[in-house]
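First up is the structure itself, then whatever we jot down about it.
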Amino acid sequence: MNNQHKDILKENAYLKRLNKELLEQIFHDDFTQFPWLGNLGRWFWDVSENVVTFNPLKSEAIGYSRDELPDEIGFEFFTEKLHPEDYDHVMDLMTAHLKGEAPVWEVKYRIKAKDGSWKVFYDRGLVTKRDAEGHPLFLSGNVFDVTVDAFDRQESIQKTRYWKQQAQYDRLTNLYSRKELERQLHIMEKNGENYSLMVIDIDYFKNINDSYGHLAGDSVLKQIGGIIKSCARETDISGRFGGDEFIIAFPQTTKEQAHAVSLRLQDEIDDLTFDLPSKPTLSIGIASRFEADDFTGVFELADNRLYQAKNAGRNQVVFK
């Protein structure tokens, strides 16, 4: 081995040591300069050689220690671990940036850890050097583990959906709550639809609560709510207005057609078995949009007819 060859090997060894020391310093700075939770540091990709250099935190986050990694790692070490539903999106964004069609590569994706679990990474990179023809030579970027944030957000969305559903539906009857009922009725009125409105009241409901307890009363409400739901169409708007009073709005329906539904309701009640000495009955009032100027007028008319039914002996329907 001549002196020139020795000098080349010596210089090469020095450059490797220097490169290693510089990278370790960079990766150390990642931690000290960006100490917030989830930062996994910087990465560098030599495109022509397909060699990725990265802060060990990135591989450790998915369960791989330094000792388990080869000396040189290609881009596919990470891309082959992408979630199947995220793969095409991630690669399309990377390709667009490599071609110069996007200013940066920025994406959030799921990546499979060694133990089979899924982590969520947020990655942002940039081509820092291109050749004379514009082909990418070198990229650098930052990556963050945002798994906790992603799961917290998903949990928050699920909680929001849950509480929204809780607000929309009455817990006993599974019909619309009063608030949601009023919202739906307002939309229907605003759209200028013709409709019929049915107001329903359980006869002597207070006596049921007083004589047999509130649990018995709740059971009656639940059973009658189920009957109302089964008799109403998908397009109808049915809800518990308060206490033992219910409302059903029938879009594009005459009050005669609504009257037919009220008779079916009473038949269903009559066929149902209740844990009471006597079966509950319903008093019902019906009015149509043709009979009043607005929803308030329709409701007042239907409510007045409900009380006519009660005054006439209850267990009746009044619709004209």
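Nothing in this text is a laboratory measurement; each read-out follows from the coordinates by a stated rule. Since the model is a prediction, treat every value here as computed from it, not as a measurement. Counting neighbours? That spans all protein chains shown, and the Cβs are built from the backbone with ideal geometry, glycine included.
Figures for the structure shown
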| quantity | calculated |
| --- | --- |
| Hey, Ile247 among the aliphatic types (A, V, I, L, M), in a helix (DSSP H, G or I) and surrounded by 15 or more Cβ atoms within 10 Å (Cβ to Cβ) or not | no |
| Close pairs from the range 168-184: first assigned to a helix (DSSP H, G or I), partner basic (Lys, Arg) and surrounded by 15 or more Cβ atoms within 10 Å (Cβ to Cβ), Cβ under 8 Å, at least 6 apart | Arg178/Arg240; Leu181/Arg240 |
| Unmet requirement for Arg264, which otherwise passes all of (1) within 34 Å of the chain's Cα centre (by Cα); (2) closer than 20 Å to Ala309 by Cβ; (3) surrounded by fewer than 17 Cβ atoms within 10 Å (Cβ to Cβ) | (1) |
| Verdict on Asp218 being under 36 Å from the mean Cα position of the chain (by Cα) and either part of a strand (DSSP E or B) or surrounded by fewer than 16 Cβ atoms within 10 Å (Cβ to Cβ) (or both) | yes |
| Test: residue in the range 267-276 that is touching a residue at least 60 places away in the same chain (Cβ under 8 Å) and out of contact with any helix residue (DSSP H, G or I) (no Cβ under 6 Å at 6 or more places or on another chain) | yes |
| Condition broken by Ile200, with the remaining ones in (1) touching a helix residue (DSSP H, G or I) at 6+ places or on another chain (Cβ under 8 Å); (2) in a helix (DSSP H, G or I); (3) under 24 Å from Thr296 (Cβ atoms) satisfied | (2) |
